[in-house]
Amino acid sequence: MSPPARQSVARNSEETGIHICTLYAWRKCWRLEGEVVPASHKDPEGWSAADKFTVVLETAGFNATELSAFCRERGLYPEQVERWRLASQDANEKLRAQDQREIKRLQKELRKKEKALAEAAALLLVTKNMQALWGEAEED
């Protein structure tokens, strides 16, 4: 199931005689442990974003020799891993920019509501003062 063989779970089940449910359970456990076990036998460019990101995380501290060995074991190319790393960084930058815009918008909305609340509080205070003044005036 894992690279570079990348056989489907069904095919592995047929070849090994291990029940398909058992293989799916094993694959799920491996994925939870952070292993790169793609959901299908697609070539690496067809892997899910999560699988690609797992590879990026695993190889983050590797030097060129370690990266090459990792890639050979999994049927990858170092250039692919580098592309995926750059794509992850770009995605983070886009999300960060989007978050900054959202924060700015929310801060503007908060200032507007704070002004409205202050105005309402001032009007309430004036109303109470006027009622108190008129109430005292009527008693005289």
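The values are calculated or read from the model by the stated rules, or taken from the named source; none is laboratory data. These numbers were taken from a predicted model, which means no experiment stands behind them. Ideal geometry is used to build each Cβ from the backbone, glycine not excepted, and the neighbour counts take in all protein chains shown. Accessible surface is based on the protein model in full, side chains and every heavy atom, while ligands, DNA and RNA are left aside. Shrake-Rupley method; radii C 1.70, N 1.55, O 1.52, S 1.80 Å.
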Go through region 127-132 residue by residue and turn each phi into a ³J(HN,Hα) via Karplus (6.51, -1.76, 1.60, θ = phi - 60°); whole Hz please, and just put x for glycine and proline.
4, 5, 4, 5, 5, 5
Suppose all protein chains stay in the model; what accessible area per residue would a 1.4 Å probe give for region 14-140, in Å²?
79
³J(HN,Hα) across region 12-26 via Karplus (A = 6.51, B = -1.76, C = 1.60, θ = phi - 60°), whole Hz, x for Gly/Pro?
4, 4, 5, 6, 9, x, 7, 4, 4, 5, 5, 5, 5, 5, 4
Selection from L57, F70, Q89 lying farthest towards where the dipole of the chain points positive, charges on Cβ:
F70
Placing +1 on each Lys and Arg Cβ and -1 on each Asp and Glu Cβ in the chain, then taking the dipole about the Cα centre, the residue among A10, L32, L124 whose Cα reaches farthest towards the positive end is A10
How large is ³J(HN,Hα) for each residue in region 60-72, as worked out from phi by the Karplus curve 6.51 cos²θ - 1.76 cosθ + 1.60 (θ = phi - 60°), to whole Hz, x for Gly and Pro?
4, x, 6, 8, 4, 5, 5, 4, 4, 5, 4, 5, 4
Based solely on its DSSP helices, what 222 nm [θ] is calculated for the chain when runs of n ≥ 4 H residues each add -39,500 (n - 2.57) and the sum is averaged over all residues, nearest 500 deg cm²/dmol?
-25500 deg cm²/dmol
Explain nothing, just the number: dipole magnitude of region 59-140 about its Cα centre with +1 on each Lys and Arg Cβ and -1 on each Asp and Glu Cβ, in debye rounded to the nearest 20.
660
Most to least accessible of L125, L76 (protein chains only, probe 1.4 Å):
L125, L76
Using a 1.4 Å probe on the protein heavy atoms only, what accessible surface does R83 show? Give it in Å² to the nearest 10.
120
Probe radius 1.4 Å, ligands and nucleic acids left out: which of I18, I103 has the largest accessible area, and how do the rest follow?
I103, I18
Solvent-accessible area, 1.4 Å probe, carbon plus sulfur percent, for the chain:
57
If you compute Rg/Rh (Cα atoms, Kirkwood Rh) for the structure shown, which of (1) 1.51; (2) 1.03; (3) 0.97 do you land on?
(1)
Using a cut-off of 13 Å between beta-carbons, work out the net charge of the residues near R83 (Lys and Arg +1, Asp and Glu -1, R83 not included).
-2
Just read off the accessible area of L95 with the full protein assembly in place, 1.4 Å probe, to the nearest 10 Å².
90
